[in-house]
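These notes are about the structure you will find just below.
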Amino acid sequence: MKFFVDTADINEIRDLAATGLLDGVTTNPSLVAKTGKEFVPLIREICAAVPGPVSAEVGATEFEPMLEEGRYLATLAPNIAVKVPLTPAGLKVCKALGGGGTMVNVTLCFSSAQAILAAKAGAAFVSPFVGRLDDIGEDGMGLIAEICQVYMAQGMETEVLVASVRHPRHVVEGARLGAQVATIPPGILRQLFQHPLTDKGLAQFVADWRKSGQKILPAGVEPLKALA
Ligand code: G3P
C-alpha cells in the first residue's frame, strides 16, 4: 500500500519524506488555507520535496474554468495529480486531462456508483472519504470494500485512495481490503509507528545491553567506516 500524507504543511512533508516511507502528498483547499501560504508556489515546493504524486485541487466548479485551472496545475511539475470534485463537470475535466496523460485524483467520493463513474472517466485515483461517512453514522470501510470489489470485477485500473482517515485502523482495513493508497494526516502517520510494547521492549533491551558492557563495532573502527 502506498502512503500519501494529507497535508499542505511543507515542514511536516519534509520531515515525513525523510523516513523514506512516503509515496506522495494530497492537499485540498482547506489544508492550503490552514498554511496561510500562496497556493501555486507552495505546490511547487511540495512537488520538489517528494518524488511521488502531489494532488493539487482546482478551485473552479464549472467545466471550462476548471479545465483551464487543471491544465495550468499540470504544468507546475511532472508529479502533479490534478484533483477535481466528483461532479459532472469534474468528471468531464478528468476525462479531458487524463486523455492528455495528466494524473487526476477524483475527490469527494461517497458512493460506489460515483467511484464507477470516476473509473470510467479515466481517473488515476478515486478518493472515498471514509471518516466523513463514519461521522454521519455510515460505514466508510464498507464503501472501500465495495469499490475494491467492483473495480476488481470490472478490471478497472483507477487506484482506490482511502481519504478522510481518522485513525490507524482505517489504514490497516484499507490495506486488507486491497485499496492501493491511503492518504493519512501527519499525526496518524506517526501513530502507525507506535506501540507501547515496542517502547517497553526497547527500553529493556537497551538496559540489558548496557549492563552487558559489550560493543558491536571493533575497537578503533569509526561507525561510518564500519558500514563501508
Ligand atoms: O484530503 C481529503 C480528505 O482526506 C479530507 O479529510 O479529515 O477533512 O475529512 P477530512
_All strands (runs of 3 or more DSSP E) inside the stretch 11-112 with 1 or more residues being open to solvent by 60 Å² or more (accessible area, probe 1.4 Å)_ = 103-109
*Could you pull out every one of the helices (runs of 4 or more DSSP H) wholly within the stretch 158-214 that has 3 or more residues that are away from the ligand (no atom under 13 Å from the Cβ) and among the basic types (Lys, Arg)?*
196-212
*asked:* Can you confirm whether residue 24 is under 22 Å from residue 164 (Cβ atoms), more than 14 Å from the ligand (Cβ to nearest atom) and in contact with a strand residue (DSSP E or B) (Cβ under 6 Å, 6 or more places away or on another chain)?
replied: no
*Could you identify the single residue in 5, 32 that is touching a strand residue (DSSP E or B) at 6+ places or on another chain (Cβ under 6 Å) and within 16 Å of the ligand (Cβ to nearest atom)?*
5
*Any chance you could count how many residues in the stretch 66-120 are hydroxyl-bearing (Ser, Thr, Tyr) and under 22 Å from residue 148 (Cα atoms)?*
4
*Taking the stretch 134-155 only, how many residues are under 22 Å from residue 104 (Cβ atoms) and either within 15 Å of the ligand (Cβ to nearest atom) or open to solvent by less than 50 Å² (accessible area, probe 1.4 Å) (or both)?*
6
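The values are calculated or read from the model by the stated rules, or taken from the named source; none is laboratory data. All figures in this text were calculated on a predicted structure; none of them were measured in a lab. FYI the Cβ positions are ideal-geometry reconstructions off the backbone, even for glycines, and counts take in every protein chain you see. Just the protein is used for accessible areas: all its heavy atoms, side chains included, with ligands, DNA and RNA removed. Shrake-Rupley method; radii C 1.70, N 1.55, O 1.52, S 1.80 Å.
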